[in-house]
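Encoded as structure tokens, the structure appears first; notes follow it.
The values are calculated or read from the model by the stated rules, or taken from the named source; none is laboratory data. Since the model is a prediction, treat every value here as computed from it, not as a measurement. In this analysis, Cβ positions are derived from the backbone assuming ideal geometry, glycine residues included, and neighbour counts consider all displayed protein chains.
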Amino acid sequence: MSIKKSLILSLALFFVLTLTFSSAAEELVLWHTSFTSEWSGLDETVNFFENNTNLDVSTDYGPPLYRDISQQFIVQAKTGNPDVVEGVLEQMFTYAKAGLIMPLNDFWKGYEDKDQYLDNVMDAVTIDGEIYAIPYNTNVRLLLYRKSIFEEYGLEVPTNWDELVETASYISENVEGMDGFMFTTKEREVRAFQEFMSFYLQLNKSMFDVSGENVKVTATVDQLEEVLNLYDKMFSSGAISMDNRGADWKALDYGYTSGNQAMVTVGPWIWSHRYEDEARAEVIDDTGIAAIPVNKNGTPGTYMEVKPIMINKYTDNPEKAWNLVKEVTNKDFQLLVDSNAGVLSPRKDVMAEPKMADNWWLQGFSKFADTGVALDPISWERPQNAIIGAIQEVIYDEGSPAEIAEKLHQELSDIAANL
Amino acid sequence: MINNKKNNLKGYLILLPTLLAFGLIIFYPTVRAFIQSFTNASIYNEASFIGLENYIKVLNNPEFWTAFMHTFVLVILAVSLQYILGMAMALLLNEDLKGLGWVKYTIMIPWVIPVASTVVMFDWLVLPDYGLINMILKNIGLGHLTRYWFGDKNFAFPLIVIMHVWRNMPFYAITLYAGLKSIPKYYYEAADIDGASAWHKFFYITLPNLKYPSMIVIVLHVLWTFNNFDFIYLSTGGGPVGSTEVLATQIYQTAWNYYEYGHASAMGILMMLVMMVFSIFYIRLVRSDD
Amino acid sequence: MHQKKSTLILKYIALISLTMFILVPFIWLFYSSFRTESAMFSGKFFENPNGLMIKHYFNVFQSGGGTGNFIGYFKNSILIASITTIVVVTISVFGAYSLSRFQLKFKNAFIITMLLSNMFPWVLLVIPIFGLLFSMNLIDSYAGIIFTHIILGLPFSIWLIKGYFDGVPKELDEAAMIDGLGPFQTLIKVILPVAAPGIVVASFYSFMVSWGDFLFVSVISQSMATKTLPIGLNNFFGSTQVAWGSINAATVISIIPTILLFSMLQKWIVEGLTSGAVKG
């Protein structure tokens, strides 16, 4: 082919492609990680939904990672696409503040299933009296431990922070190839923040007071120092290996189910590791579930996660979008998704089903569900990074926990002043 | 040189697609970002003009300067190591050694692996218990040295430099190798007759003849390294304790975690100014030698 | 010329260590892509209780990363990268010819501003570019993606091809002019054949940057119909689960076409860079 011909051909091709873009405006678009990211229940979830929906929904369910979802949702929400988006609670606060999602109070009032939802979970998706989402799963962070190890070494499950450090460092010292405990501590790792909060919330059920005109920090320096001290002791006592400094969630989840740690504080999702291979399934079956050890000055409390389903404020068809929300939060669908993932449902009727009620794992988690505390409704990105920064400073010995707590408190106050 | 009015018009005409592409995809958005850098634009509020406030905020932020220094050191280390090793590789490829064909086919692999996979791959080298490096250390009796290398304050930054070198060095090698091929043989033969040493030949024949390809790869990679955020973002997140934080990750965070577009744009414009000064200065320097 | 044995040995040592530096991470990934996940997490080099297997590769093609299909991603990648390459090279040939042969105002300024595209962080341009493509109705289309990929390849491509054109003696142009050819015909009939190797290099470069792009495709693509390999690869990273084996296998798969392409073009590329680049 001569160059001239190929030039003309390529330009022609370019124009043809320009004109033949696809745009199916009638379809509803749903972005939902349960439909995209690779997990054991994926095929079943997608098939079930596609066979049972009465709506015309695009078969493209958006990006698989929450980070990409929020980035793209913010870029394009105003085009009305996607109509419905799933996310994490922190994203819901951000979207709501940016005016990208719709308050659902009017729909909620007429919703026949509204009595099925747990009050504390619905509180979590409510900002200033406006409901912004319908939750489809919820979970709490608890202490998971290896029953066989505790039996073999005659250990008791720790109930307070001192016992936790003591037991964990005993295991690190005496059990070959195993650490007592694990925290994620990578920079910008959301899980590191969530773990911090799981312990902090025992000392104080809130970190920011949003009721007044200006946001105020309710955390005290002492409370922050107490939690940072725990991090310090965990690493300096050898309970957590120094090798694991800077590790992310993958190292924690896969580390535990590979048998590298005897205890972790984590949510119920690692249940799905049991489908990956036999060795992991054995670890899961050997797992005991207990409340997170409670600080001697604290009360039970832990980080509660709620996964909200939200409606784009710019959708062309709010009614249809609401119908879609109902379909992906109805009893059958939640039962399928949550039981596969091994997480709790915020619906009472789902939790009463034998599939959920007879599952020892879910029962273990639901026993402590009421200790879960939802985050204060603010944009958490800056506080998150400040807290992770402080954790890193402690474990890399950049100062004493007291100094760092002082600094962190100051940073949080500065952030609050600008919220 | 074609030099009359009618033909010059044609010259502009055939440059038009280039201008159009640049205008739309680069110029228009960059100008918008430039304007935005003087506003308080964020997802939470409509943009309003705030003058130089963003710039003042950025320049007064010590974290910006730390990140600036890190970026600077990273670029210098990565690009010079890439150049030195790339040059060594190119010289070796130009030798008559056995097994070279095989090397040439595989050498470009690092350059074509998507960044997300590269980071996973390096993680598999440096993870505490299952990473190749730590496994080797344990097996040769150096078990006390094992650690999560990305999580070590002293090794995280060098490791980031190594990732950059690993990815881009082959591109230098191939480009410089091609340059070597084109240097006429008789230059070297003449030097041999004069009894020049190998070093002498390298500095007086090889290097000067590689000036143009060197300029291309160096400028290209200085800008690439300056701008790259995903290597760091995905591997260390900028930690431990900020030791691998660079401008690109800070800009990403400001724009996509804090959603402060005006603030982030100001940082971007400042970074662009630095790169522009470098590019103009460097290209002038190379050209003035001609 | 006869080399001393010690020098030769040194050279081999240098060659082997540099090659190892480049290949070891990849070899480890390649090997891991055939191991079971428990073997990968065993912390032992050769422990493979269930043997080596191609299950992960099978998985990648079967489940394809979420609800997608990996073959579809593959097709999109090839199509988008190929068209991008053709368009980039076409535009660059004209642009480079113009910059090389015509006396234009602001020529040097333009050559330097071309570098602008590598200077401003792409992540900050995503929102305006989305807005622009949305208003042009190019979201979720090949054309929209190609449009942005053109810019990724264009600066280097023009720069390189201009170098080659500059290396073609002006006397050839003048001879053609005397034969009565216009500038366009001169380009096609006289300059292009001489600079052909340089065009191959620019093509390879454009192909690669389009092949590897994640950022723009992730924003512009909205459906399975336009998603490319890097997006498919990303689907193996979940929020609570990571398909380690599939990621390794998918990475190997996504590299293979580019290795094949590079092997085929290798000779051309080397010749291409040889005849043009140094003369800039």
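Assorted remarks:
- Scanning region A:77-118 for residues that are buried (at least 22 other Cβ atoms within 10 Å of the Cβ), more than 19 Å from the chain's Cα centre (by Cα) and polar (S, T, N, Q) turns up just one, A:N81.
- Restricting B:N134, B:N139, B:N154 to residues that are polar (S, T, N, Q) and more than 20 Å from C:A39 (Cα to Cα) narrows the list to B:N154.
- The listed residue being more than 15 Å from the chain's Cα centre (by Cα) and more than 9 Å from every other protein chain (Cβ to nearest Cβ), out of B:Y177, B:Y187, B:Y172: B:Y187
- Top-ranked residue of region B:230-257 - restricted to ones that are free of Cβ contacts under 8 Å to residues at least 24 places away in the same chain and within 7 Å of another protein chain (Cβ to nearest Cβ), ranked as farthest from B:L59 (Cα to Cα): B:G237
- Test: residue in region B:211-220 that is modelled with pLDDT of 90 or more, assigned to a helix (DSSP H, G or I) and more than 8 Å from every other protein chain (Cβ to nearest Cβ): yes
- One residue stands out among those in region C:217-267 that are touching a His at 6+ places or on another chain (Cβ under 7 Å) and not hydroxyl-bearing (S, T, Y): the one that is farthest from the other protein chains (Cβ to nearest Cβ), which is C:A249.
- Annotation: C:R35 fulfils all but one of (1) assigned to a helix (DSSP H, G or I); (2) within 14 Å of chain A (Cβ to nearest Cβ); (3) closer than 20 Å to C:I256 by Cα; the unmet one is (1).
- Selected residue (only one of A:N229, A:N214 is closer than 23 Å to A:G301 by Cβ and either surrounded by fewer than 18 Cβ atoms within 10 Å (Cβ to Cβ) or more than 9 Å from every other protein chain (Cβ to nearest Cβ) (or both)): A:N229
- If only residues of region C:95-119 that are surrounded by fewer than 23 Cβ atoms within 10 Å (Cβ to Cβ) and aromatic (F, W, Y) are counted, the one that is nearest to the other protein chains (Cβ to nearest Cβ) is C:F102.
- Test: B:V112 is within 14 Å of chain A (Cβ to nearest Cβ), under 21 Å from the mean Cα position of the chain (by Cα) and crowded, with 18+ Cβ neighbours inside 10 Å: no
- The residue pairs whose first member lies in region B:139-156 and is within 7 Å of chain A (Cβ to nearest Cβ) and within 16 Å of C:G43 (Cβ to Cβ), whose second member is not in a helix (DSSP H, G or I) and not small (G, A, S), and whose beta carbons are closer than 6 Å, counting only pairs six or more residues apart or on different chains, are B:Y148/B:P128.
- Yes/no for B:V119 being of a type outside the set (G, A, S), in contact with a Ser or Thr (Cβ under 6 Å, 6 or more places away or on another chain) and in contact (Cβ under 8 Å) with a residue 12 or more places away in the chain: yes
- Filter result for the condition that a residue is under 28 Å from C:G144 (Cα atoms) and surrounded by 15 or more Cβ atoms within 10 Å (Cβ to Cβ), over B:G23, B:G11: B:G11
- Among the residues listed as A:E163, A:E173, A:E195, A:E187, the single one being of a type in the set (D, E) and not in a helix (DSSP H, G or I): A:E187
- Subset tally (residues that are in contact (Cβ under 8 Å) with a residue 40 or more places away in the chain and farther than 22 Å from A:A98 by Cβ) for region A:123-154: 15
- The single residue among A:V373, A:V394 that is buried (at least 20 other Cβ atoms within 10 Å of the Cβ) and touching a strand residue (DSSP E or B) at 6+ places or on another chain (Cβ under 6 Å) turns out to be A:V373.
- Test set (1) among the charged types (D, E, K, R); (2) more than 30 Å from C:T36 (Cβ to Cβ); (3) modelled with pLDDT under 95 - A:R280 fails condition number: (2)
- Residue check, C:I129 at pLDDT 85 or above and at the interface with chain B (Cβ under 9 Å from one of its Cβ atoms): yes
- Boolean, A:E319 is under 30 Å from A:N51 (Cα atoms), without any contact (Cβ under 8 Å) to a residue 40 or more places away in the chain, among the acidic types (D, E) and more than 11 Å from every other protein chain (Cβ to nearest Cβ): yes
- Against the numbered list (1) surrounded by 24 or more Cβ atoms within 10 Å (Cβ to Cβ); (2) within 14 Å of another protein chain (Cβ to nearest Cβ); (3) closer than 19 Å to A:Q384 by Cα, A:W249 comes up short only at (1).
- Restricting attention to region A:24-48, the residues that are farther than 27 Å from A:D277 by Cα, of a type in the set (F, W, Y) and either facing chain C (nearest Cβ under 7 Å) or in contact (Cβ under 8 Å) with a residue 60 or more places away in the chain (or both) total 0.
- Condition met for B:Y130 (surrounded by fewer than 18 Cβ atoms within 10 Å (Cβ to Cβ) and more than 23 Å from B:L74 (Cα to Cα)): no
- The strands (runs of 3 or more DSSP E) falling completely within region A:262-329 that include 3 or more residues that are over 30 Å from A:L155 (Cα atoms) map to A:302-311.
- Top-ranked residue of region C:149-166 - restricted to ones that are over 13 Å from the mean Cα position of the chain (by Cα) and within 8 Å of chain B (Cβ to nearest Cβ), ranked as nearest to B:L24 (Cα to Cα): C:I158
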